[in-house]
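Input: a single structure, listed below in C-alpha cells.
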Amino acid sequence: METMELHRGRLVDHIQLVVADLAASRRFYGALFEVLEIPLGGEKEGAHFWYDELFVSTPDGPEAAGKLTGRHHLAFQAEDRGTVDGF
C-alpha cells in the first residue's frame, strides 16, 4: 500500500464556513485540531475563529454576506489511525 505525504496548506489556500452556531463549531473544531496538534490561529469572540487555513464565522460579518454555508464535505489529513481514534 502506498503511503500518502502530508501537504498541509498546499492544495487549498483557505476555506470559509459560515455557521449558525459558532460556539458549537468552535467546540467541534477545537477538539479536532487539538488532536491534530494545530493551534488556534485566532478568534473574535462571537464573530469568527480560524485554524490554519479554515476560517469559521457567523452570518453577521461582512465577509459572510448574511448567508450560511451550504453542505460541504471536509476531510483532514491525520498522521495515523491513532490520531483519528484520538479525535
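The values are calculated or read from the model by the stated rules, or taken from the named source; none is laboratory data. Note that the structure is predicted; figures quoted are calculated from it, not measured. These accessible areas exclude ligands, DNA and RNA; they are computed on the full protein's heavy atoms, side chains included. Shrake-Rupley method; radii C 1.70, N 1.55, O 1.52, S 1.80 Å.
Quick check on the chain: of the DSSP beta bridges with both residues there, what percent are antiparallel, nearest 5%?
So the antiparallel bridges amount to about 65 percent of the total.
Go ahead and estimate [θ] at 222 nm for the chain from helices alone: -39,500 (n - 2.57) per DSSP H run with n ≥ 4, summed, over the residue count, rounded to 500. Walk me through the numbers before you get to the answer.
On the way: 2 runs with 20 residues, N = 87.
Value at 222 nm, helices only: -6500 deg cm²/dmol.
How far is helix 22-35 tilted off the main Cα axis of the chain, in degrees rounded to 10, range 0 to 90?
20
Given an 8 Å cut-off on Cα distances and at least 6 residues of separation, report the relative contact order of the chain as a percent.
Details: 99 pairs, mean separation 27.3, N = 87.
Once normalised by length, the contact order is 31 percent.
Taking θ as phi - 60°, what are the ³J(HN,Hα) couplings along the stretch 49-55 by the Karplus curve (6.51, -1.76, 1.60), each to the nearest whole Hz, with x for Gly and Pro?
Working through the residues one at a time gives 8, 8, 10, 6, 9, 9, 10 Hz.
Can you list residues from other chains, or at least 5 along the same chain, whose modelled amide H is less than 5 Å from the amide H of Val18?
Amide H to amide H, under 5 Å and 5 or more residues apart or across chains, Val18 pairs with Ser57, Thr69.
Could you please state how large a percent of the accessible area of the chain is carbon and sulfur, counting protein chains only and using a 1.4 Å probe?
Taking all protein chains in place, the chain shows 52 percent carbon and sulfur surface.
So, taking all protein chains as they sit and a 1.4 Å probe, how much accessible area belongs to Leu68, in Å² rounded to tens?
Leu68 exposes around 100 Å² with every protein chain in place.
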